[in-house]
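The values are calculated or read from the model by the stated rules, or taken from the named source; none is laboratory data. Computed from a predicted structure; not experimentally measured. Positions of Cβ are generated from backbone atoms using ideal geometry, with glycine treated the same way; all protein chains shown enter the neighbour counts. Just the protein is used for accessible areas: all its heavy atoms, side chains included, with ligands, DNA and RNA removed. Shrake-Rupley method; radii C 1.70, N 1.55, O 1.52, S 1.80 Å.
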Amino acid sequence: MKILVTLLVYGALSAVSGQQTCLLGKHHKASPSAEIGAKECVLYAESSCCYANFTEKLSHSPIIEVDNYYWNRCGNLSKACEAYIKKTECFYQCSPLAAHWIHPNMSFAIEHVPLCQSFCDSWFEACRSDLVCARNWLFDWIVDENGNHCKNECIPYHQMYANGTDLCQTAWGASFEVSSSACHCLDMTETDRNVIKYILGQENSEESDEQEACKPRLQKLQEQDEKEEAEND
């Protein structure tokens, strides 16, 4: 949970680039390379923008603090909620895909990364009963030498955010946005590798290419729909 105040993310949508590079954040490499000893963020270990020693900071649960940014200002997170915040942290710190949405004015930041609606909804459900005191995690803190401190009362996620869309498009400022397409989006899984290839080449792609790129994701969504229908019968 440390995209931190360094992600001052607002402004126009940045152009998507095909270059394999990394953001210029505190823990970022100059270019992605394999990290055999990664403790967390293993999704990106084959081509990682962060070093293994950073992932060690995310390998213990509950996570209390990462680089003077405290995750427990309203109490320890539930494991389910913590897992989703790890996913966003791993993406920012370690994914070689993140630089495709580099902020045009700040090379350490991202903006408008398209997230899947299903990912945002699941994140919201995982955290709905956890407590939070900052609606915007980049700015809504009192920050001093002892880290970030609440300036508002702690309330449940489901009171702070209306739904998954509100959570994804508010918590990290303009870092993320919810995509209307089940394929033109990231869900922090291995499927993202194929999806990014589609996104980068979409001008010359057809709908069938999009569906092929995220076939496992579409199958999973279909299975979920069928399960819900069976439960409602």
Restricting attention to the stretch 25-61, and to residues there that are surrounded by 15 or more Cβ atoms within 10 Å (Cβ to Cβ) and modelled with pLDDT under 90, which single residue is nearest to E111 (Cα to Cα)? G25
State all residues of the stretch 106-133 that are open to solvent by less than 30 Å² (accessible area, probe 1.4 Å), under 19 Å from E82 (Cα atoms) and not acidic (D, E); if no residue qualifies, say none. L115, C116, F119, C120, W123, F124, A126, C127, V132, C133
Collect the residues in the stretch 136-174 that are of a type in the set (D, E, K, R) and farther than 16 Å from W71 by Cβ, keeping them in residue-number order. D144, E145, K151, E153, D166
Considering residues of the stretch 134-171 that are part of a strand (DSSP E or B) and in contact (Cβ under 8 Å) with a residue 40 or more places away in the chain only, the residue surrounded by the most Cβ atoms within 10 Å (Cβ to Cβ): N148
Test P96 against the stated conditions and say whether it is more than 21 Å from I199 (Cα to Cα) and touching a Phe, Trp or Tyr at 6+ places or on another chain (Cβ under 8 Å). no
Consider the stretch 126-151. How many of its residues are of a type in the set (S, T, N, Q) and in contact with a helix residue (DSSP H, G or I) (Cβ under 9 Å, 6 or more places away or on another chain)? 2
Every residue in the stretch 65-112 that is part of a helix (DSSP H, G or I), basic (K, R) and more than 21 Å from S47 (Cα to Cα), please. K79
Mind listing just one residue for me: the one in the stretch 1-24 that is modelled with pLDDT under 50 and within 19 Å of K57 (Cα to Cα) and, of those, surrounded by the fewest Cβ atoms within 10 Å (Cβ to Cβ)? V5
Which count do you get for residues in the stretch 48-83 that are of a type in the set (G, A, S) and touching a residue at least 40 places away in the same chain (Cβ under 8 Å)? 5
